[in-house]
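Structure record follows, encoded as structure tokens.
The values are calculated or read from the model by the stated rules, or taken from the named source; none is laboratory data. Quick caveat: nothing in here was measured; it's all calculated off a predicted structure. Here the Cβ is made from the backbone with ideal geometry for all residues, glycine too, and neighbour counts use every protein chain on show. Ligands, DNA and RNA are excluded from the accessible area calculation, which covers all protein heavy atoms including side chains. Shrake-Rupley method; radii C 1.70, N 1.55, O 1.52, S 1.80 Å.
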Amino acid sequence: MAITNLRDRKREQNRVATVRAAWTLFIERGYDHVTVHDICAAADIAPRTFHRYFTGKEDVVTEPVREMTAIVTEYVTGAPPEADDREVMRGAMLRLARYVVERRELLRALRTVAQQSTHLTATQVVVRTDTDPDIAGRLAARHPDADPADWRRRLLVGCATAAFRVWYEDCLGGELPDPIGHLASILDAAGT
């Protein structure tokens, strides 16, 4: 979604600045030792502005999940109807991988923050499985007569996102000489 007017651009800039300030504090102090007030002070915004964008500080930690989900849904939605669903999912996962590779150090740090927190133990900074039905529906919407509940499409999405999660752990867990090639190999093994 392209942001076209000045107000929306300013809001997005404020949101991004708030996220960066929060992530810096989380990495420096740990999630449990940072308050919304601390984030507001670091981002030079009022608490009211913070709450315009986020319900709480956990939303800031999961911002990469929102961004990653948006990458996949925008890719799938924008794919031409004649493109094969398998090709579309593969393309979406590869685009998502480029996002991760570009932000690998930050995502590693945020994963460490989440693992060290007593409040975020269940939080994962990765594509969530609860988005799979939406992605399958978007794949189906590209075809006029497609059944969004078709098990084959749901299985394809589940395999692609599971393959991505395996790659994500490999990518954040160590240095891969060719991270995109590694994902391509995992997707091949998963049949996607």
Check your understanding: What residue, of Thr49, Thr55, Thr118, is within 30 Å of Asp32 (Cα to Cα), modelled with pLDDT of 90 or more, hydroxyl-bearing (Ser, Thr, Tyr) and not in a helix (DSSP H, G or I)?
Key -> Thr55
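Quick check on the stretch 105-112. Is at least one of its residues charged (D, E, K, R), open to solvent by 60 Å² or more (accessible area, probe 1.4 Å), within 30 Å of Gly30 (Cα to Cα) and not in a loop (DSSP other than H, G, I, E, B)?
Yes; the residues of the stretch 105-112 include at least one that is charged (D, E, K, R), open to solvent by 60 Å² or more (accessible area, probe 1.4 Å), within 30 Å of Gly30 (Cα to Cα) and not in a loop (DSSP other than H, G, I, E, B).
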Exercise for review: With the condition kept exactly as written, say whether any residue in the stretch 24-32 is surrounded by 15 or more Cβ atoms within 10 Å (Cβ to Cβ) and without any contact (Cβ under 8 Å) to a residue 60 or more places away in the chain.
Suggested key: yes
Review point. Restricting attention to the stretch 142-172, which residues are among the aliphatic types (A, V, I, L, M) and within 22 Å of the chain's Cα centre (by Cα)?
Key: Leu155, Leu156, Val157, Ala160, Ala162, Ala163, Val166, Leu172
Study note, to complete from the structure: If we ask which residues in the stretch 33-46 are open to solvent by 50 Å² or more (accessible area, probe 1.4 Å) and assigned to a helix (DSSP H, G or I), their number turns out to be 4
Check your understanding: For the stretch 58-88, what are the residues that are out of contact with any Gly (no Cβ under 9 Å at 6 or more places or on another chain), farther than 17 Å from Asp130 by Cβ and open to solvent by 40 Å² or more (accessible area, probe 1.4 Å)?
Key -> Glu74, Thr77, Gly78, Pro80, Pro81, Glu82, Asp84, Glu87
Practice item. For the stretch 128-149, state whether one or more residues are open to solvent by 90 Å² or more (accessible area, probe 1.4 Å), modelled with pLDDT under 85 and under 16 Å from Pro64 (Cα atoms). Key: yes
Practice item. Name the residue, out of Leu183, Leu155, that is touching a residue at least 12 places away in the same chain (Cβ under 8 Å), surrounded by 14 or more Cβ atoms within 10 Å (Cβ to Cβ) and under 20 Å from Val72 (Cα atoms). Key: Leu183
Check your understanding: Among the listed residues Ala97, Ala70, Ala79, Ala92, which satisfies the condition of being in contact with a Leu (Cβ under 7 Å, 6 or more places away or on another chain), among the small types (Gly, Ala, Ser) and modelled with pLDDT of 90 or more?
Key -> Ala97
Point to revise | Qualifying residue in the stretch 3-16 (condition: in a helix (DSSP H, G or I), among the aliphatic types (A, V, I, L, M) and either within 24 Å of Thr112 (Cα to Cα) or touching a residue at least 60 places away in the same chain (Cβ under 8 Å) (or both)) | key: yes
